[in-house]
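Encoded as C-alpha cells, the structure appears first; notes follow it.
The values are calculated or read from the model by the stated rules, or taken from the named source; none is laboratory data. Keep in mind that this is a model prediction, so the values were computed, not measured. Here the Cβ positions follow ideal geometry from the backbone for every residue, glycine too, while neighbour counts run over all protein chains shown. When the accessible area is computed, the model is the full protein with side chains, heavy atoms only, and any ligands, DNA or RNA have been set aside. Shrake-Rupley method; radii C 1.70, N 1.55, O 1.52, S 1.80 Å.
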Amino acid sequence: MKILKFFKRIIKWIVVAFFASTILSVIALRFVPVWFTPLMFIRCYQQLSSGEELRLKHRWVPLTDISPSLPVAVMASEDARFLEHHGFDYKAIESAARRNLEHPEKRKLGASTISQQTAKNVFLWPGRSWTRKGFEVYFTALIELMWSKQRIMEVYLNSIEMGDGIYGADAVAEWHFHTRASQLTPDQCALIAATLPNPRRFNSAAPSAYMLKRQARIRREMHYVPDFPREGEDKKSR
C-alpha cells in the first residue's frame with residue numbers, strides 16, 4: 001500500500017512538473033527569440049552520422065523585418081484561414097478526411113495549420129505517432145491561448161525548414177536569393193511557400209517546372225488572402 005501511494009505521488013509530481021514546465025516555456029517564448037529547434041539538432045545529427053558537412057543556417061529577425069508578402073504567401077499555400085481559426089481548421093480536417101477515405105490509393109492529405117506546424121517545430125520532434133500528435137494538439141492550444149497571431153507567424157517564419165540546412169526567412173533570403181528577408185519580392189515569397197511541403201526536395205534557388213507551377217498558383221491565391229495585420233491591428237482585406 002505504501003509503495004502504491006509512493007508511485008501515485010511520483011506520478012502526480014511528474015504531471016505537475018510537465019504542465020508547469022511546458023506552460024512556462026510557452027510563456028517565455030512569447031518574448032524570447034527561438035534560436036534553435038529540435039529539428040535543427042536532429043538534422044545536424046543526421047548530417048554528422050552520414051559523414052556529411054554540417055549545415056545549419058539560421059538567423060532570427062523580427063516580423064517587422066520580414067517582407068509583408070511572405071505571411072500572405074504561406075497563408076495562401078498552407079493555411080488560408082490562419083487569422084480566423086483558433087489553431088485547428090476543422091473544415092480542412094473534414095475535407096482531408098473525406099478525400100483520404102474516398103481515394104485511399106492517393107497520397108494522404110493533411111490539414112495541419114500554421115499554428116500546429118509552429119508547435120511541432122518549436123516543441124516537438126518529427127513523426128506521425130499518436131503520442132506526438134497528442135502533444136502537438138496540446139502545444140497548439142497553448143500557443144493559441146498565450147501568443148498573438150503575429151507571434152505565431154513570427155516564430156513560424158523564423159523556425160521552419162526552408163531548405164537543406166536552412167531555417168527561417170532571413171537565411172533562405174540570403175542563401176537562395178542573395179538578399180534580406182525584408183527585401184523579398186512577392187514572387188520570391190510565393191516560391192519559398194511552394195517549397196514548404198518538402199523543402200529539402202524542392203529548392204527555391206533552382207525551381208523545377210512543378211515548383212514554378214505551384215508558385216503561379218500561390219501568387220494567384222495571394223490576391224484573396226488578407227494583408228497580414230501588425231500587432232494590435234484587425235485583419236485587412238486586400
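Okay, here's what the table says:
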item: Which numbered condition Thr195 fails, given (1) open to solvent by 10 Å² or more (accessible area, probe 1.4 Å); (2) in contact (Cβ under 8 Å) with a residue 12 or more places away in the chain; (3) not basic (Lys, Arg); result: (1)
item: Unique match (being within 30 Å of Ser21 (Cβ to Cβ), of a type in the set (A, V, I, L, M) and touching a helix residue (DSSP H, G or I) at 6+ places or on another chain (Cβ under 8 Å)) among Ile218, Ile152; result: Ile152
item: Leading residue by the ranking (nearest to Arg81 (Cα to Cα)) among those in segment 203-226 that are modelled with pLDDT of 95 or more and surrounded by 19 or more Cβ atoms within 10 Å (Cβ to Cβ); result: Met222
item: Search result, residues across segment 154-175 that are among the small types (Gly, Ala, Ser), surrounded by 23 or more Cβ atoms within 10 Å (Cβ to Cβ) and not in a helix (DSSP H, G or I); result: Gly168
item: Whichever residue in segment 10-31 is touching a residue at least 12 places away in the same chain (Cβ under 8 Å) and not in a helix (DSSP H, G or I) and, among such residues, is least open to solvent (accessible area, probe 1.4 Å); result: Leu29
item: Selected residue (only one of Val61, Val74 is at pLDDT 95 or above and farther than 22 Å from Gln215 by Cα); result: Val61
item: Residue under evaluation Thr140, criteria (1) within 22 Å of Ala76 (Cα to Cα); (2) modelled with pLDDT of 95 or more; (3) surrounded by fewer than 16 Cβ atoms within 10 Å (Cβ to Cβ); (4) of a type in the set (S, T, N, Q), criterion not met; result: (3)
item: Members of segment 78-129 that are at pLDDT 85 or above, more than 19 Å from Leu29 (Cβ to Cβ) and not in a loop (DSSP other than H, G, I, E, B); result: Glu78
item: Unique residue being farther than 22 Å from His223 by Cβ, open to solvent by less than 20 Å² (accessible area, probe 1.4 Å), of a type in the set (Lys, Arg) and at pLDDT 95 or above when the list is Arg151, Arg180, Arg132; result: Arg151
